[in-house]
Amino acid sequence: MAVRIGVYICHCGTNIAGKVDIAKVVEFAKGLENVSLVKDYKFMCSDPGQALLQKDVEDGLIDRVVVASCSPLMHENTFRKATERGGLNPYLFTMANIREQCSWVHIDSGQTTDKAKDLIAAAVRRAFLLEPLTKREVPINPRTVVIGGGIAGIQAALDLAEAGKKVVLVEREPSIGGHMSKFDKTFPTLDCSACILTPRMVSVGQHANIELMTYSEVEEVSGFVGNFNIRVRKKARYVDSELCNGCGACWEKCPGTRVPRKGNVHEKLSLGPTTPIYMPFMQAVPAIPVIDTETCLYFKDDKHACGLCAKECERGAIDYEMKDEIVEFEVGNIIIATGFQTFDPSVIKRYGYGEIENVMTALEFEIMNCASGSTGGKILKADGGVPGSIGIIHCVGSRDKHYHDYCSRVCCMYSLKYSHLIKEKTDAEVYEFYIDMRCFGKGYEEFYDRLLTEDVRFVRGKVAEVTDVPTCKAEEGKLIVKVEDTLIGNVRRIPLDMVILSTGLEGHATLREIAKKCSVSVGQDGFLIEKHPKLGPVSTATDGVFIAGACQSPKDIPDTVAQASAASSAVLSMITREKIEIESATAEVDEDKCSGCKLCNTLCPYLAVKFDEEKGVSVVNQALCKGCGTCVAGCPSGAISAKHFEDRQIFAEIEGIFSGL
Ligand SMILES: Cc1cc2nc3c(=O)[nH]c(=O)nc-3n(C[C@H](O)[C@H](O)[C@H](O)COP(=O)(O)OP(=O)(O)OC[C@H]3O[C@@H](n4cnc5c(N)ncnc54)[C@H](O)[C@@H]3O)c2cc1C
C-alpha cells in the first residue's frame, strides 16, 4: 500500500505566519509526492492542533506525519505523543523547523516562504523512509546517590529520605556542612548559621534511610538511568569510627601542627584544632577526627617518634594501619551537589593578598568571625590588636574580564553582612568599595537600606591597588587603598587597618573530573551545564543525573535549598514511575565492518560505546546511547549507523532541500 503523508503547517501566531505565506506553502505541500493531506492551524501545539493530526491518524487517512512548526527541542515529544494517541508508531512522525531555522532568522518574506517550502519538501522525503521503532523501558533502582554534603546535598538527601527512599550521601571532606558550616551569621536575616544547619546535619547522620560516606570520593560511575553502578573510595581516617567517641583527647595532646596557609591574617585561622589529628569543627558530622598524614609526625618522620594520640585514646580508636576502602553499590539516580570554591585573589597582585599582612579573603573573615573559630569570633589584626578601620573590596575575581565575567551574586550581600557584624563587634570605621550594589533577593534591598543607616562609608569605584607603602605620616603602618571614587570624581587614598577581599565563587578545580565521571558537561564559566536554563534547571543532558546548588552557578542559600528540593522531587518523580522509557533512536555497530580502531569509544559524549576485547569490535550500550550521531559521523569504516537517522533518510532530506532548485 502506498505511503500517505499528512503535512500540518503551524502559524505559531505571527511567529511563522508573519513571515511565511502559509497559503502558498499549503498549496506547495499539496503537490508533493506521497502527501495525501495538508492542513494549517494557528497553534499546532495547542490541544485542538494536536487533535487535528490525531484524528486524521485515527481515521486512517494518513500513515506518516510531518509537522512544520518550531524546533524539535520544543515540541517533538508533543507531536510524537499525538501521533501515538492516534494509533501510529511515534517514530513515523517528523518535524520541519520553519520557525527557528526560517521565519525567525530571515528578513525577506518571499525568501522565507521559499525556504519553508524547501524544509517541508525535505521532511516529506524523510517521512517516506521512516520506520517504526520499538519503545524500550528499564526499571529504576529506588536508591539515589547524592555527591557533595553542603547545604544542597544535605537538603536533597533529607527530602528523599523523608519520602521513604534510600540515599547514599558521599562527601569528600571529613564532615558534611560545606561552606555554610564556616559561617557565623547568614544574610539577610542574620540568623545563626550553625543553628539552622546543624539540626539538618544531625538528621542526615541519624536518618535510617541515609547512608553517610564522609572523607570519600566517587571514583567511577557506570551504567545508565535507573541502573548506575557507583565505586567510592573511603579514605582512611586512621580513627576507628566504631570506637571513637569524639572526646578530643587525641588532638589536645597532639604536638604537631598542620601547615597554615601563607597570607592568612592569623597564622592559625581555623574552625577546628590546627593539629594534624583534628576535627574540622566542633559540630562536625560525623564527630570523628581524622589524621592528616602530610603533617602528622608519626607518618612524616620516624614512625616511632610520636604515636601520642594512640597512647591518649582510652578507647583504642587510633589505627595507624588503616587502609583506604573501595565500596561499590547501585543506584537509580545521581544528584551532583559539589558546590563551589572561592576565587584565589593572590593572582591579582595589586591587592597584595598573600604578601601584605591584614589583607584577607571573605572566607577567612567568616572563619575569624565564627564564634567557634580560633579567635573565638573576635575581629583581630595579625598582631592581635583590634582594627580601627576596615575596607571591604567587592567583585574580586567577578565581573572582571580578566577573571570571571559573571556576577557571583552573593558578594554584595555578604559584604554588607560584614559591615554590620564589624559595627556590632568593634568601633571600626567601615568602607565598602563597590561597583554597584546587587541586592536581588527577598529582604536584600531592605538589608542594604538598613546598612545605609549604620554609619558605613560606601565608596563607588573599583579599587586600583592595596599597598603598605606610605606617602605621608597618616599612612604609616597602614594599608592604603587607592580607589577612584566615581561619585565625587576623585582618586582617593584611604589608610586602613584591614582589608577584606570579597572573592567571587567559581566551579571547583576538580568539577570537571566528577562531571566526566557522571557524563555531564562543564560550561565556559566553569559550572555544570543544566539541561535547559529556564525549563530544566536541575536536569542534565544525561538522564538520571541531576544538579543542585552552587555547582550549577553562584547561588545564595535560599536558592540553593530551593534547587536541591527541585532536584530531589525530580528524582522522586522518576522513582515513583518505577520504569522509565529510554531512547529508541540509538546507534548500532555493524560488527563485520568495525575495524576495532576505538575512535568511537573516545568520541561518545555519553560514554555509551565500549570495546569488546573478545570480539575485537566496538559495542554501543543501547541504554546509554542518546542517538546523537557523533560516533556515526566519526567512524572511519562507516560501521556505525543511527536508527531513525539512517544515511538514506538523511540523503533523502538533502535531495528534498534541493528539489526546488
Ligand atoms: C564568603 C561567603 C559568604 C556567604 N554568606 C552567605 C550568607 O550569609 N547567606 C547566604 O544565603 N549565602 C551565603 N553564601 C553562599 C553560600 O555559601 C552558598 O549558597 C552555599 O554554600 C551553597 O551550598 P552548596 O551545597 O551548593 O555548596 P558548598 O557549600 O560548596 O558544599 C559543597 C560540598 O560538596 C563537597 N564536594 C565537593 N566536591 C566533591 C566531590 N567530588 N565529592 C564529594 N563531595 C564533594 C564539598 O566538600 C562541600 O562539602 C556565602 C558564600 C561565601 C563565599
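When restricted to residues that are under 22 Å from residue 591 (Cβ atoms) and out of contact with any Cys (no Cβ under 8 Å at 6 or more places or on another chain), segment 629-661 contains 12. Among the conditions (1) part of a loop (DSSP other than H, G, I, E, B); (2) within 16 Å of the ligand (Cβ to nearest atom), the only one that residue 141 does not satisfy is (2).
Only one entry in 325, 294 is in contact (Cβ under 8 Å) with a residue 40 or more places away in the chain and either under 30 Å from residue 193 (Cβ atoms) or of a type outside the set (A, V, I, L, M) (or both), namely 325. For segment 264-271, the criterion of being away from the ligand (no atom under 16 Å from the Cβ), over 24 Å from residue 510 (Cβ atoms) and modelled with pLDDT of 95 or more is met by no residue. Taken residue by residue, segment 153-166 has no member that is within 10 Å of the ligand (Cβ to nearest atom) and either assigned to a loop (DSSP other than H, G, I, E, B) or more than 20 Å from the chain's Cα centre (by Cα) (or both).
Among the strands (runs of 3 or more DSSP E) contained in segment 307-393, which hold 3 or more residues that are of a type outside the set (Val, Ile, Thr)?
Working: elements: 325-331, 333-336, 340-342, 359-361.
Answer list for segment 307-393: 325-331.
With respect to being surrounded by fewer than 17 Cβ atoms within 10 Å (Cβ to Cβ) and assigned to a helix (DSSP H, G or I), residue 568 falls outside the description.
Across segment 604-612, not a single residue is classified as touching a residue at least 60 places away in the same chain (Cβ under 8 Å) and within 16 Å of the ligand (Cβ to nearest atom). Can you confirm whether segment 475-488 contains a residue that is more than 26 Å from residue 382 (Cα to Cα), in the same structural domain as residue 421 (by TED's automatic domain parsing) and of a type in the set (A, V, I, L, M)? Yes. Residue 275 satisfies every condition listed in (1) in contact (Cβ under 8 Å) with a residue 40 or more places away in the chain; (2) of a type in the set (Val, Ile, Thr); (3) part of a loop (DSSP other than H, G, I, E, B) except (1).
Residue-level check: of (1) surrounded by fewer than 24 Cβ atoms within 10 Å (Cβ to Cβ); (2) near the ligand (Cβ under 7 Å from one of its atoms); (3) within 18 Å of residue 215 (Cα to Cα), residue 186 misses just (3).
Residues in segment 331-355 that are closer than 30 Å to residue 561 by Cα and polar (S, T, N, Q): 333, 338, 341, 342.
Taking the criterion of being hydrophobic (A, V, I, L, M, F, W, C) and assigned to a strand (DSSP E or B), the residues of segment 209-232 that qualify are 210, 212, 213, 218, 221, 224, 228, 230, 232. Any residue at all in segment 579-597 that is at negative phi, surrounded by fewer than 14 Cβ atoms within 10 Å (Cβ to Cβ) and modelled with pLDDT under 95? Checked segment 579-597: at least one residue is at negative phi, surrounded by fewer than 14 Cβ atoms within 10 Å (Cβ to Cβ) and modelled with pLDDT under 95.
Residue-wise test of (1) under 38 Å from the mean Cα position of the chain (by Cα); (2) in a loop (DSSP other than H, G, I, E, B).
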residue	(1), (2)
437	yes, yes
442	yes, yes
458	yes, no
464	yes, no
471	no, yes
474	no, no
484	yes, no
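The values are calculated or read from the model by the stated rules, or taken from the named source; none is laboratory data. No experiment lies behind these values; they were computed from the predicted model shown. We place every Cβ from the backbone using ideal geometry, glycine too, and count neighbours over all the protein chains shown.
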